[in-house]
1. So if each residue of separation counts as 0.36 nm, and I subtract the Cα-Cα distance between L74 and K24, what length gain in nm does that give?
2. By how many nm would the segment from K292 to S107 lengthen if fully extended, with 0.36 nm per residue of separation less the alpha-carbon distance?
3. Calculate the FRET efficiency for N95 and N302 from the Cβ-Cβ distance with a Förster distance of 30 Å, rounded to the nearest 0.05.
4. Among the lysines, which fall within straight-line cross-link reach of K244, defined as a Cα-Cα distance under 17 Å, with same-chain neighbours fewer than 8 residues apart omitted?
5. In the full protein assembly as shown, how much of F260 is accessible to a 1.4 Å probe, in Å² to the nearest 10?
6. Using a 1.4 Å probe and ignoring any ligands, DNA or RNA, find the accessible area of K118 and quote it in Å² to the nearest 10.
7. Could you list, in their original order, any pairs among K38/K229; K106/K262; K142/K176; K106/K135; K98/K141; K243/K291 whose Cα atoms are separated by more than 21 Å?
8. At a 1.4 Å probe radius, which order do V7, V13 fall into by accessible area, largest first?
Amino acid sequence: MSCFRYVDKKLFVENSSVLNVVKKNNTPFYLYSEQQLKQNYIKFAENFKSVKPLICFATKANSNLSILKILKNLGAGADVVSGGELLKTIKAGINPNKIVFSGVGKSEEELKIAINKKILLINVESESEAKLINKIAKKSKKKISIGFRLNPNIDSKTHKKISTGKAENKFGISIKNFINFYKNIDKFKNLKIDALSVHIGSQILSDTPYKKTLNVLLKVINNLNIKLKYVDLGGGFGVSYNKKDKLIDLKDYAKHVLDFKKKVNCEIIFEPGRSLVANAGVLIAKIQYIKKGQNKNFIILNEGM
């Protein structure tokens, strides 16, 4: 966190003393470094410069309106997982043609909002969802561009609660089921499959599962001879929580993505979230009480944790 530092044991955010900020604002509050956020985004984009991806910020990582506006001004799109997030990103000024709607439980009302706002992609997570979108589109006499989120059955080697790419996870559709659906796509006159999507987990610290996922995608695309506008490679890039954490070499991974892009001849979408905002903010709280216990003392803060 290069924009957060101690000077004479006093915490500074960029050039501002946190103590001075506290004097003007009631605690608790979150305090963000705009400079750090910009640095993170620019560095991510620079690593994938050769790929020229559309970077859709995973809004679930932080839906603060000011943060969304900063990222929008840097050129970011948005990955959303609810109607509320969708409307908030549009309020922040993000162009609908840079918005991807993911998530396994989209309601009919949320899908109607997405269709009416003419967003870039709805990433479908089940055959049932595809049927519902086709039904909505038929009523409104529209042909809707969708992506299909595949479950590549890849173990991302992260915590089991944030692993999303294995067969037992609820996310995405199995390759077998997608192939069966694709072979019958002519039955769905109001759908156009323009993308395939994957997201295999969060806080991933190795590029091995990502490379395996590229191979799975390439095999599916070649076997079906499917022509796509986009491949959405998701996010999940880990951040360092301690000195032992070794982060992914994104420049090296970018070489593999570029090779993949050339083979499938389509545009690439990324959905980074945590990796852009995790080290750009701190929670500021005051000590409310110090409670003496039998074996230890407890520091009670005013932010309720």
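The values are calculated or read from the model by the stated rules, or taken from the named source; none is laboratory data. From a predicted model like this one, the values you see are computed outputs, not experimental measurements. Don't worry about glycine lacking a Cβ; one is built from the backbone with ideal geometry, like all the others, and counts go over all protein chains shown. Each accessible area value is taken on the protein alone, full model and side chains, heavy atoms only, with ligands, DNA and RNA left out. Shrake-Rupley method; radii C 1.70, N 1.55, O 1.52, S 1.80 Å.
1. 15.1 nm
2. 61.6 nm
3. 0.15
4. Answer for K244, where 17 Å is the Cα cut-off: K157, listed by chain and number.
5. My reading of the accessible area for F260 is about 10 Å².
6. Counting only protein heavy atoms, the figure is 150 Å².
7. Over 21 Å apart, Cα to Cα: K38/K229; K106/K262; K142/K176; K98/K141; K243/K291.
8. The residues order as V7, V13, largest area first.
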